[in-house]
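The values are calculated or read from the model by the stated rules, or taken from the named source; none is laboratory data. What you are looking at is a predicted structure, and each value in this text was computed from that prediction instead of being measured. So basically every Cβ, Gly included, is an ideal-geometry build from the backbone, and we count neighbours across all protein chains shown. Please note that ligands, DNA and RNA were not included when accessible areas were found on the heavy atoms of the full protein model with its side chains. Shrake-Rupley method; radii C 1.70, N 1.55, O 1.52, S 1.80 Å.
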Amino acid sequence: MSIILVFLICNYILHYLQVLALECFCSFHCPHGSTNETCNTNYKCFTTLEYLEGTKTKEYRYGCMPPEFEGGIFQCRQKHIQHAVPMVLKCCNDQPRCNENLVLEIPIEEQQRYEEGFNKHHVFQSQQIALVVSVTLSIIFFAMFAAYIYLRYIKLKKQKKSNCDRQVMLPPYEKTENSTCSTGLKSKLAQRSFAREISIVKEVGRGRFSVVYIGLYQDQVLAVKIVDESDEYSWQREQHFYKTGYLCHENILSFIGADIVERNTVARMLITQYHPFGSLCTFLQNHSFDFSIFFRLVYSSVCGIRYLHNPISGSHGKPAIAHRDISSRNILVKDNLQCCISDLALAVEENAGESKLISSKAKLPNPRYMAPEVLENPYYSNQTVSFYQKADMYSFSLVMWEILLRYEIEGVAEPYRLPFQEYVGLNPSINQMTDIINVKKLTPEIPKKYILDQNARNIIKSMKNSMSYSAMSRFSSYRLKKSLNKCMQEKTKLTEIGDTSNNTCSTTVT
């Protein structure tokens, strides 16, 4: 009997030692210091199958289950309990690493419940994200649109103020009276007019039918053009174009007012913005420059001519206008070295109600810049605006030639001279110009160094197209502006790829 008891006790002790030394496979639940993905327990090994939270992916996890760990024995003996995230657990202790090959399955109804809930939650989250993104983008777009509208409003307001509202510097009563510019102004009204308060400082220019002075009005420097008494038509014509409000453009001379003042004689005044550099003709006599300024002078002038030529429809539009007297004396140079077109005394506009564009009172343009077709019959007045616009382009091609001569290559420019000066002197007649242009068909000579210059080559080509004897073959102002844009783009590309030959683009003027 005692032998049997000793045997049972030994058997129990051996069994206990075997259980205490049970080796399990572990993953995610390995104790610190474990090796070869194993752990030891005195109870059972376990395996779980569960969804990774927030996904539809199932994952097995393995480890050792001590009786004291989270209800151990009780937990292994329970039937399946539902969880928010489905999970099943199974225990074993029949052999070492017995949990490694256990196969588990989450009940079908649990999987369906979880995955349906997951899909609904995912869709809801996606809708929330889409809503947040849509609202955010809408707010950003609205803010950008509002900023664009505001900046455009500010820009237009400033432009209108600088170009079209020059009268704001004048007292209200003076604005009202300046709008009446007929020759029948009473002496009392003339005394109250703002023009009478302008102090004439000095003469700065003289044309065929007018003199230009520097004037001061309340510490502001103005240009005061006094038109010859015999040329009232030109004074009336020029102020007509300015007062219509057509000419609000940075490359058109800014108008301030027009008035008649009785001083020693009756003075018909046009008051405009003052530009210290004066006319392009004067500027070219005193300065030579690099390519960037050469291009700026030409391009800004073309922009002004294009604005005149281009009809704009709408309540604030304008008709097509031809200048008819384009010359280097009628183009001014601003402080920023851009040009603006001035002197519209001979301009004509497109008007279906007029059979004759030019009055018999109108003066003739400068013969030096007359196009061949105008020289053929300079007194003919039944032409179209388009006819005179083509003549404008010929005149401007001669101005381009004048500018070209002052472009420095290797620091040296040609001496300034007027077109055809070597043939007809300083004051040519219509007959002299007819002989030069229509009979001998001469064009201004272009020095070879400019033809060979990479920067100027394409601009010279555009100039020659505008200088064509045939009016129909000439570039329009639109075509010339587009061609100059292309020239500058090509020059920029050459600069970017490292072609720096004769490629000086500083803004120095000598």
Fill in: Cα centroid separation, segment 90-126 to segment 230-270 (Å)
92
Practice prompt. Kindly rank 203-210, 128-135 from highest to lowest mean number of other beta carbons found within 10 Å of each residue.
Written response: 203-210, 128-135
Worksheet item: Once amide H atoms are built 1.01 Å from N in the peptide plane, which residues 5 or more positions from LYS318, or in another chain, come under 5 Å H to H?
Response: ILE312, SER313
Fill in: Whole-percent carbon and sulfur share, accessible surface of segment 247-307, 1.4 Å
45
Discussion item. How charged is the neighbourhood of LEU49? Take every other residue with its Cβ under 12 Å from the Cβ of LEU49, and add Lys/Arg as +1 and Asp/Glu as -1.
Written reply: -1
Worksheet item: Could you give the accessible area per residue of segment 245-349, probe 1.4 Å, as a whole number in Å²?
Response: 31
Item to complete: Grab the beta carbon distance between LYS464 and LEU131, set R0 = 60 Å, and tell me the FRET efficiency rounded to 0.05.
Response: 0.40
Worksheet item: Hey, rough spin-label estimate for TYR379 and LYS482, points 7 angstrom out along Cα→Cβ, what's it come to in nanometres?
Response: 4.0
Worksheet item: On full extension of the chain, what length is gained from THR265 through SER230, given 0.36 nm per residue of separation minus the C-alpha to C-alpha distance?
Response: 11.4 nm
Discussion item. Leaving out ligands and nucleic acids, and using a 1.4 Å probe, what accessible area per residue does segment 378-446 come to in Å²?
Written reply: 46
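Taking a ≥ b ≥ c as the square roots of the eigenvalues of the Cα gyration tensor of segment 326-448, is the shape rounded (a/c under 1.5), prolate (a/b larger than b/c) or oblate?
On the way: a/c = 2.45, a/b = 1.46, b/c = 1.68.
Here segment 326-448 falls in the oblate category.
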Worksheet entry | Which of TYR388, ALA322, LEU332, positive extreme of dipole for segment 315-390 (C-beta unit charges) | LEU332
